[in-house]
1. Looking at (1) among the polar types (S, T, N, Q); (2) more than 30 Å from residue 143 (Cα to Cα); (3) touching a residue at least 60 places away in the same chain (Cβ under 8 Å), which is the one condition that is false for residue 59?
2. Residue under question is residue 21, and the condition is that it be in contact with a Leu (Cβ under 9 Å, 6 or more places away or on another chain) and either surrounded by 10 or more Cβ atoms within 10 Å (Cβ to Cβ) or without any contact (Cβ under 8 Å) to a residue 12 or more places away in the chain (or both); does it hold?
3. Any residue at all in the range 59-66 that's surrounded by 10 or more Cβ atoms within 10 Å (Cβ to Cβ), farther than 21 Å from residue 120 by Cα, over 18 Å from the mean Cα position of the chain (by Cα) and in the same structural domain as residue 16 (by TED's automatic domain parsing)?
4. Could you please tell me which pairs satisfy a Cβ distance under 7 Å, a separation of 6+ or placement on different chains, a first residue in the range 106-133 that is under 22 Å from residue 72 (Cα atoms), and a second residue that is at pLDDT 95 or above and loosely packed, with under 10 Cβ neighbours inside 10 Å?
5. Taking residue 108, is it outside the structural domain of residue 25 (by TED's automatic domain parsing), within 19 Å of the chain's Cα centre (by Cα) and among the aliphatic types (A, V, I, L, M)?
6. I'd like the full set of residues that are in a helix (DSSP H, G or I), among the aliphatic types (A, V, I, L, M) and farther than 19 Å from residue 97 by Cα, limited to the range 1-26.
7. Residue 81 versus (1) surrounded by fewer than 16 Cβ atoms within 10 Å (Cβ to Cβ); (2) touching a helix residue (DSSP H, G or I) at 6+ places or on another chain (Cβ under 6 Å); (3) without any contact (Cβ under 8 Å) to a residue 40 or more places away in the chain: which is the lone unmet condition?
8. Does residue 104 meet the test of being surrounded by 12 or more Cβ atoms within 10 Å (Cβ to Cβ) and among the hydrophobic types (A, V, I, L, M, F, W, C)?
Amino acid sequence: MQQALLFLIAIIAGVMLPIQAGLNSEIGRVVKSPVYATLISFLVGTIGLMLYLLATRANWADIKGGTHLPWYYWTGGLLGAMYVVAIIILAPRLGVALTFGLTVAVQMAVSIVMDHYGWLGVPTSPINWARVLGVTMVIGGVVLIRSN
């Protein structure tokens, strides 16, 4: 895929996450549980994905390839659920900007370490001063958002 298209997809995903946080937080408030709200969110997402796979006539045999992965790769869905629960709890208390500022700052810090070591099969990219400065700037942005 061309890099411009990949950037566009990243931008669209970035727009969706804060909106999702607001929507899921309201569901959590109404159902009185961040865990129930996450279950509803994942159920709707699962139905949407199933409809997409049916509409595109996906090759269901391809899914068997995942059975050969080590067990810890299967924890990704659990981590996603825990992340959504955390966002549902945090967004109404900290605000969406601070919640995402904090989570993005930590994601960036962990990401440069993962890239450096190539953990979980990601392409390696050594830690350098520019990457550290980038993470530091994100953390600085969180401090500025927090001080408001």
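The values are calculated or read from the model by the stated rules, or taken from the named source; none is laboratory data. Keep in mind the model is a prediction, meaning the values are calculated, not measured. In this analysis, Cβ positions are derived from the backbone assuming ideal geometry, glycine residues included, and neighbour counts consider all displayed protein chains.
1. Of (1) among the polar types (S, T, N, Q); (2) more than 30 Å from residue 143 (Cα to Cα); (3) touching a residue at least 60 places away in the same chain (Cβ under 8 Å), only one is false for residue 59: (3).
2. Here the answer is yes, as residue 21 does meet what is asked.
3. No.
4. Correct list of pairs: 116/126.
5. Yes.
6. Listed by number, the residues that qualify are 4, 5, 6, 8, 9.
7. Every listed condition holds for residue 81 apart from (3).
8. Against the criterion (surrounded by 12 or more Cβ atoms within 10 Å (Cβ to Cβ) and among the hydrophobic types (A, V, I, L, M, F, W, C)), residue 104 qualifies.
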